[in-house]
1. What per residue convex hull volume, in Å³, comes out for the stretch 84-162 when only alpha-carbon positions are used?
2. What order, most packed first, do the peptides 126-136, 63-73, 159-169 have when packing is the mean number of other Cβ atoms within 10 Å of each residue?
3. With each run of n ≥ 4 DSSP H residues scored as -39500 (n - 2.57), what mean residue ellipticity at 222 nm is computed for the chain after dividing by its residue count and rounding to the nearest 500 deg cm²/dmol?
4. With a 1.4 Å probe and all protein chains left in place, how much of the accessible area of the stretch 35-135 comes from carbon and sulfur atoms, in whole percent?
5. Could you identify which residue out of 117, 99, 53 has the top mean-square fluctuation in a GNM of the chain using Cα springs shorter than 10 Å?
6. How big is D, in µm² s⁻¹, for the chain by Stokes-Einstein at 37 °C and 0.692 mPa s if Rh is the Kirkwood radius over C-alpha pairs?
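The values are calculated or read from the model by the stated rules, or taken from the named source; none is laboratory data. This one's a predicted model, so the numbers in the text were calculated from it and none came from an experiment. We place every Cβ from the backbone using ideal geometry, glycine too, and count neighbours over all the protein chains shown. Keep in mind that these areas ignore ligands, DNA and RNA; they rest on the heavy atoms of the full protein, side chains included. Shrake-Rupley method; radii C 1.70, N 1.55, O 1.52, S 1.80 Å.
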Amino acid sequence: MKRVALIILALSLVLTGCASNTKNGVELLEAQKYEEAKEVFQKDIDKKKRLDEAYRGLGIACFELKEYEEATKAFEAALKNEAEETASICAFLGACYMELEDYNKALDIYKKALTKENISKELKQEVQFDLIAVYEKVVDWEAAKKQVELYVKEYPDDTRVNKEADFLETR
């Protein structure tokens, strides 16, 4: 997933100079060794070390393993342990809520992600696209149509939205 690669890169930059367990966990995430990464991050959690980063890393590993409930708990624990509520954490949480079919929470958290100053251009585009799907899931056709219009205006070369636009024309 494009989003994960961007977020892992951002996480790597944040973790520069951090404890070796956390660095090892990030390296395992980058190598797509998610089960091993979970174990490494869990060690820091058990030792109560760098809980914000450890829970964030655990959340990413769980997300990649499609363990969405566990990922949600890990991201929420990261926030409770003083992790900054970044656009990337919001995007991950939104995706988890979508997978768990809690569309109203997904909608709220995706909207929150878009308000973050630290949101990258690529992540903003992904979140804006994901919002279309959320509006469709909550059967808010007008909001979905407006989101498609905004998306097309901002990203005219992205043809992924054509399928959504065609679907919404029938609603």
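1. 83 Å³
2. Answer by packing, highest mean first, reads 126-136, 63-73, 159-169.
3. So the calculated ellipticity at 222 nm is -24000 deg cm²/dmol.
4. Here carbon and sulfur together make up 42 percent of the probe-accessible area.
5. Result for the chain, Cα springs under 10 Å: 117 fluctuates most.
6. The Stokes-Einstein estimate is 198 µm²/s.
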